[in-house]
Amino acid sequence: MKEITIKSDKGVGQLSVVLFPKNQQDEVDFVRLKMKALEGDEQWVDMTPDEACEIAGLLITGVQFYLFEGNKEYKTILKKRAKVALKRIKDI
């Protein structure tokens, strides 16, 4: 079975993920994350689907932490959203 490539639609195609299926299309043997620098240098990391899920979760947590701790505007947005959510709950 042929591999499946998923490319980022942002930038100049610097990120892509290649799925290498086993015998069937719905089973993936391993995942390759390709990262290309603007200069053209390419690096990749091979991982199992479980490792890919764990890495994705850690990246999401890291970005959320950065937004909450490092970005003052994000805190303001979250506080406003919380006030609106509390108001909706009270109206119910």
Subject >> Any pair with Cβ under 7 angstrom, 6 or more apart, that starts in region 31-55 at a residue that is farther than 18 Å from Thr5 by Cβ and in contact (Cβ under 8 Å) with a residue 60 or more places away in the chain and ends at one that is among the β-branched types (Val, Ile, Thr) and loosely packed, with under 12 Cβ neighbours inside 10 Å >> reply: none
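Quick one: which residue in Val17, Val45, Val63, Val31 is in contact with a helix residue (DSSP H, G or I) (Cβ under 7 Å, 6 or more places away or on another chain) and at pLDDT 85 or above? Don't jump to the end; show me each part of the working.
Working: Val17 fails: in contact with a helix residue (DSSP H, G or I) (Cβ under 7 Å, 6 or more places away or on another chain); Val45 fails: in contact with a helix residue (DSSP H, G or I) (Cβ under 7 Å, 6 or more places away or on another chain); Val63 fails: in contact with a helix residue (DSSP H, G or I) (Cβ under 7 Å, 6 or more places away or on another chain).
Within the list Val17, Val45, Val63, Val31, the selection yields Val31.
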Subject >> Given (1) out of contact with any Ser or Thr (no Cβ under 8 Å at 6 or more places or on another chain); (2) closer than 13 Å to Leu19 by Cα, number of the condition Asp41 does not satisfy >> reply: (2)
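Can you find a residue in region 73-86 that is in a loop (DSSP other than H, G, I, E, B) and modelled with pLDDT under 85? First the steps, then the outcome.
So the first thing to find is which residues in region 73-86 are in a loop (DSSP other than H, G, I, E, B), and the list is none.
Looking through region 73-86, none of the residues is in a loop (DSSP other than H, G, I, E, B) and modelled with pLDDT under 85.
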Original post:
Can you name the number of the only condition in (1) modelled with pLDDT under 85; (2) closer than 30 Å to Pro21 by Cα; (3) of a type in the set (A, V, I, L, M, F, W, C); (4) open to solvent by 80 Å² or more (accessible area, probe 1.4 Å) that Leu58 fails?
Top reply: (1)
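The values are calculated or read from the model by the stated rules, or taken from the named source; none is laboratory data. This is a predicted model, so every value here is computed, not measured. Virtual Cβ from ideal backbone geometry, glycine too; neighbours counted across all protein chains shown. Just the protein is used for accessible areas: all its heavy atoms, side chains included, with ligands, DNA and RNA removed. Shrake-Rupley method; radii C 1.70, N 1.55, O 1.52, S 1.80 Å.
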